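Structure first, commentary second.
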Amino acid sequence: MDGVDWEDEGRPKYLHEKIRSAMIPSRNGGVLEAVVYCDEKNESKREAVVCHPHPKLGGSLADPVTRSLFKALCLQGGFRRVVAFNFRGVGKSSGYCTWRGLSETEDLLSVFDFLLKDEKEGEEGQRKVLVVGYSFGSVVASSSVAQELPLERVCGLIAVAFPCGWLSSWLFGSHYRLIHSPQSPEVFSEVPKLFVIGDRDDFSSSHQVSSFISKVPNSRLDFISNASHFF
């Protein structure tokens, strides 16, 4: 894939052989550039998707933290497929990226469509997806779980370096309101949510993020010692 050297990861050869480039159809008629790990022999009903940081600030699926999350999920072995993708307007993804990220929720929905599209009628057990996001991606992921995604298909949310400072509140206030007022409160409360943030985060204080997440049901907050927003 142009601009993304996925071979230079020190990963085992067997893992590299299961990773390929893909262009995922978007609901807006465009395409989303992605890398897809697929273990055809894995009988797990779980899939995972990773959302990258802010596209306006250079974020893409090539981001080091995004790549690390993708690799960790692949190596974990509990997922049949893992997808990392570029939001609209990034890399080879069509369209235009936005500052506030409201349009980008549609991109995540498009990846959901991709992961569930080949599910066979009558297939035993429903596939479920772990939604993972870093920084801007964690905001899009969290609000999408609260409002847009079919919650019966979401097995969990992992939000890494969720931004909660004053600038983030100005940019992502609409997302925050969606997260605190989910479309289906009872179902949303059943989805396990893990928030991970460095105790020296550049954009959120411990108090700010703790206060925000205290209003999110079934959530856990873990701090990483001596880590910034960029780890």
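Take the conditions at pLDDT 95 or above and either surrounded by fewer than 21 Cβ atoms within 10 Å (Cβ to Cβ) or among the basic types (Lys, Arg) (or both) and apply them to Pro55. Does it pass? Even if it seems obvious, please write down each step before you answer.
Working: at pLDDT 95 or above: yes; either surrounded by fewer than 21 Cβ atoms within 10 Å (Cβ to Cβ) or among the basic types (Lys, Arg) (or both): no.
For Pro55, the condition - at pLDDT 95 or above and either surrounded by fewer than 21 Cβ atoms within 10 Å (Cβ to Cβ) or among the basic types (Lys, Arg) (or both) - is not met.
For the range 50-98, what are the residues that are aromatic (Phe, Trp, Tyr) and without any contact (Cβ under 8 Å) to a residue 40 or more places away in the chain? Step through it out loud before you land on a result.
Step one: of the range 50-98, the residues aromatic (Phe, Trp, Tyr) are 70, 79, 85, 87, 96.
Of everything in the range 50-98, those that are aromatic (Phe, Trp, Tyr) and without any contact (Cβ under 8 Å) to a residue 40 or more places away in the chain turn out to be Phe70, Tyr96.
Please verify whether Ser110 is open to solvent by less than 10 Å² (accessible area, probe 1.4 Å), among the polar types (S, T, N, Q), farther than 30 Å from Asn226 by Cβ and free of Cβ contacts under 8 Å to residues at least 60 places away in the same chain, treating the condition exactly as stated. Please lay out each step first, then the result.
Working: open to solvent by less than 10 Å² (accessible area, probe 1.4 Å): yes; among the polar types (S, T, N, Q): yes; farther than 30 Å from Asn226 by Cβ: yes; free of Cβ contacts under 8 Å to residues at least 60 places away in the same chain: no.
No; evaluated as a whole, the condition is false for this residue.
Suppose we filter the range 31-45 for residues that are open to solvent by 20 Å² or more (accessible area, probe 1.4 Å) and modelled with pLDDT of 95 or more; how many remain? Give the steps one after another, and end with the answer.
Taking the range 31-45 as the starting set, the residues that turn out to be open to solvent by 20 Å² or more (accessible area, probe 1.4 Å) are 31, 38-45.
Now restrict to residues that are modelled with pLDDT of 95 or more: 31.
Residues in the range 31-45 being open to solvent by 20 Å² or more (accessible area, probe 1.4 Å) and modelled with pLDDT of 95 or more: 1 in total.
Does Ser94 meet the test of being in contact with a Ser or Thr (Cβ under 8 Å, 6 or more places away or on another chain), surrounded by fewer than 19 Cβ atoms within 10 Å (Cβ to Cβ), part of a loop (DSSP other than H, G, I, E, B) and at pLDDT 95 or above? Spell out the reasoning first.
Details: in contact with a Ser or Thr (Cβ under 8 Å, 6 or more places away or on another chain): yes; surrounded by fewer than 19 Cβ atoms within 10 Å (Cβ to Cβ): yes; part of a loop (DSSP other than H, G, I, E, B): yes; at pLDDT 95 or above: yes.
In short, yes.
Residues that are out of contact with any Asp or Glu (no Cβ under 9 Å at 6 or more places or on another chain): which strands (runs of 3 or more DSSP E) entirely in the range 26-89 hold 3 or more of them?
Working: elements: 31-38, 46-51, 81-85.
Fully inside the range 26-89 and qualifying: 31-38, 46-51.
Restricting the search to the range 152-180, which residues are without any contact (Cβ under 8 Å) to a residue 60 or more places away in the chain and open to solvent by less than 20 Å² (accessible area, probe 1.4 Å)?
Val154, Gly156, Leu157, Ala159, Phe162, Cys164, Gly165, Ser168, Gly173, Ile179
Could we say that Val129 is at negative phi, open to solvent by less than 10 Å² (accessible area, probe 1.4 Å), touching a strand residue (DSSP E or B) at 6+ places or on another chain (Cβ under 9 Å) and part of a helix (DSSP H, G or I) here?
Working: at negative phi: yes; open to solvent by less than 10 Å² (accessible area, probe 1.4 Å): yes; touching a strand residue (DSSP E or B) at 6+ places or on another chain (Cβ under 9 Å): yes; part of a helix (DSSP H, G or I): no.
Taking the combined requirement at face value, the residue does not satisfy it.
I'd like the full set of residues that are surrounded by 13 or more Cβ atoms within 10 Å (Cβ to Cβ), modelled with pLDDT of 55 or more and either touching a Cys at 6+ places or on another chain (Cβ under 7 Å) or not in a strand (DSSP E or B) (or both), limited to the range 2-19.
As a first pass, look at the range 2-19 and keep what is surrounded by 13 or more Cβ atoms within 10 Å (Cβ to Cβ): 4, 6, 9, 11, 15-16, 18-19.
Now restrict to residues that are modelled with pLDDT of 55 or more: 15-16, 18-19.
Hits for the range 2-19 are Leu15, His16, Lys18.
The values are calculated or read from the model by the stated rules, or taken from the named source; none is laboratory data. Source: prediction; values computed, not measured. Every residue, glycine among them, receives a Cβ derived from its backbone with ideal geometry; neighbour counts consider all protein chains shown. In case anyone asks, the SASA skips ligands and DNA or RNA and just uses the protein heavy atoms, side chains included. Shrake-Rupley method; radii C 1.70, N 1.55, O 1.52, S 1.80 Å.
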